[in-house]
Amino acid sequence: MRYESEHKPKIRERIVKEAAKAIRAKGPLQVSVAGVMSKAGLTHGGFYAHFASKEALIEAAIGQMFNQVMARWDKENQGLTAQKQLAGYIDFYLSPWHRDNRAQGCPVSALASETPRMSAPCQAEFARGIGRIREMIIRQITEMGVDDPQTLAISVSAELMGSLSLARCEPDRQVSDALLESAKKALKARLNLPG
């Protein structure tokens with residue numbers, strides 16, 4: 001049976017998307033090739049037609065996660081001012097929904113503690129992804145006319161990612177909600193953002 005020329009790339013994309021969800025939810029070390037292939041509706045035996053190793057799959061999935069972040073940013077921010085874009089990103093990032101949905105959220109807060117145990121290519125892909133998010137924030141801060149946007153973007157990124165990680169660690173939901181809300185208010189006040 002002959003397949004269309006797009007068949008293999010479509011199958012690969014389906015595998016990568018399932019791997020990205022699984023890695024966010026469980027971490028890269030707990031994800032199995034068989035589990036990912038099953039979720040993608042495929043057999044384990046077909047894996048090596050698409051990837052040389054589990055590490056290659058993890059590397060591709062990390063890139064996919066950051067592509068999803070950037071696509072969401074582009075989709076949700078068309079025509080908005082830099083201030084509204086950044087305020088919206090902070091609202092999303094420090095929301096209870098984002099805290100509770102690791103499998104669909106930011107790869108940084110989901111994987112930061114796992115990165116030192118990943119292979120060098122996976123670490124490099126993760127660093128590229130963080131750089132893309134930081135550049136996105138730098139662009140907004142630059143448009144806002146703030147001095148030294150790079151330093152501020154690093155600080156904002158660290159505060160967002162750290163606050164979300166702490167909120168996910170807090171077992172008391174009210175305390176976790178309050179942590180998210182106070183971090184959101186403090187960041188927006190520091191950046192002179194609405195809301």
Answer yes or no: is there a residue in the stretch 132-149 that is surrounded by 14 or more Cβ atoms within 10 Å (Cβ to Cβ) and not in a helix (DSSP H, G or I).
yes
Can you name the condition, by its number, that residue 125 falls short on among (1) on the phi > 0 side of the Ramachandran plot; (2) open to solvent by less than 70 Å² (accessible area, probe 1.4 Å); (3) of a type in the set (Asp, Glu)?
(1)
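Taking the conditions exactly as written (over 18 Å from residue 20 (Cα atoms), in a helix (DSSP H, G or I), out of contact with any helix residue (DSSP H, G or I) (no Cβ under 6 Å at 6 or more places or on another chain) and not aliphatic (A, V, I, L, M)), does residue 79 satisfy them or not?
Values: over 18 Å from residue 20 (Cα atoms): yes; in a helix (DSSP H, G or I): no; out of contact with any helix residue (DSSP H, G or I) (no Cβ under 6 Å at 6 or more places or on another chain): yes; not aliphatic (A, V, I, L, M): yes.
The answer is no for residue 79.
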Give the residue that is surrounded by the most Cβ atoms within 10 Å (Cβ to Cβ), with candidates limited to residues of the stretch 22-72 that are closer than 22 Å to residue 123 by Cβ and basic (Lys, Arg).
24
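The values are calculated or read from the model by the stated rules, or taken from the named source; none is laboratory data. Not measured: the values here are computed from a predicted model. Methodologically, a virtual Cβ is constructed for each residue, glycine included, from the backbone with ideal geometry; neighbour enumeration extends over all protein chains shown. With ligands, DNA and RNA removed, areas are computed over all heavy atoms of the protein, side chains included. Shrake-Rupley method; radii C 1.70, N 1.55, O 1.52, S 1.80 Å.
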